[in-house]
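Below is one structure; the comments refer to it alone.
The values are calculated or read from the model by the stated rules, or taken from the named source; none is laboratory data. Predicted model only: the values in this text are computed from it and were never measured. Please note: Cβ atoms are built from the backbone with ideal geometry, for glycine as well, and neighbour counts cover all protein chains shown.
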Amino acid sequence: MHISEGVLSAPVLAGGAALALPALGWSLKRLPWDHIMSTGILSAAFFTASLIHIPIGPGSVHLILNGVLGAVLGPAAFPAVAAALLLQALLFNFGGLSTLGVNLCIMAGPAVLCGTVCRPFFRTDCKVWAAAAFACGAGAVLFSALLCALALSLSGEVFRSAAGVIFLAHLPIMLIEGFLSMGIIGYLRKTMPELPAATRPERDHADDL
């Protein structure tokens, strides 16, 4: 999912930066002080999960966990992903500084979208939350793969075949991340109520009042 340096065209790079910067600023303004620690922990989880990757042409396939980030952090997924991507680019040359904006849009945008859509269902005690958790994890990878393929396709016809391969390679990752999201969100609902309320059953909200 990391797009390497020297691959994308200048308009795509500029468009990614133009979208990522205001989104990052907006999300930082919405980040409560008491959620900074959980944001850092999940940023580290994202950083670690995406270190193990398989290069495929100008991109790579790896676990992302952006659905979990979106479910737990909401808009704060943007700074969490941004910090991890920056460190990966500087320390391990994964992705790159010029592609940071595009990669941030590819991974954090779907995280926030899927987290926002699925978040209300996590507050129920019925099994609907499990289906929503699976959809959040799998859907975030699906949309990220589509955005990655789109960015490559817009950068030249030579990358369109690679874009298709990268998208297809992420289909099994979708299933894996869907089940991982179910397990992680289910665990957080029961054991870590101090995390943002998106992962907590509805009855816990009544206790906060």
Can you tell me how many residues in the stretch 126-140 are under 18 Å from the mean Cα position of the chain (by Cα) and within 15 Å of GLY183 (Cβ to Cβ)?
7
Only listed residue being closer than 24 Å to HIS35 by Cβ, surrounded by fewer than 24 Cβ atoms within 10 Å (Cβ to Cβ) and free of Cβ contacts under 8 Å to residues at least 40 places away in the same chain, chosen from LEU86, LEU113, LEU91, LEU142:
LEU86
The conditions are (1) at pLDDT 90 or above; (2) over 14 Å from the mean Cα position of the chain (by Cα), and LEU146 fails exactly one of them. Which is it?
(2)
For CYS126, indicate whether it is outside any helix (DSSP H, G or I) and farther than 17 Å from ALA77 by Cα.
yes
May I ask you to verify whether CYS114 is in contact with a helix residue (DSSP H, G or I) (Cβ under 6 Å, 6 or more places away or on another chain) and over 25 Å from LEU21 (Cβ atoms)?
no
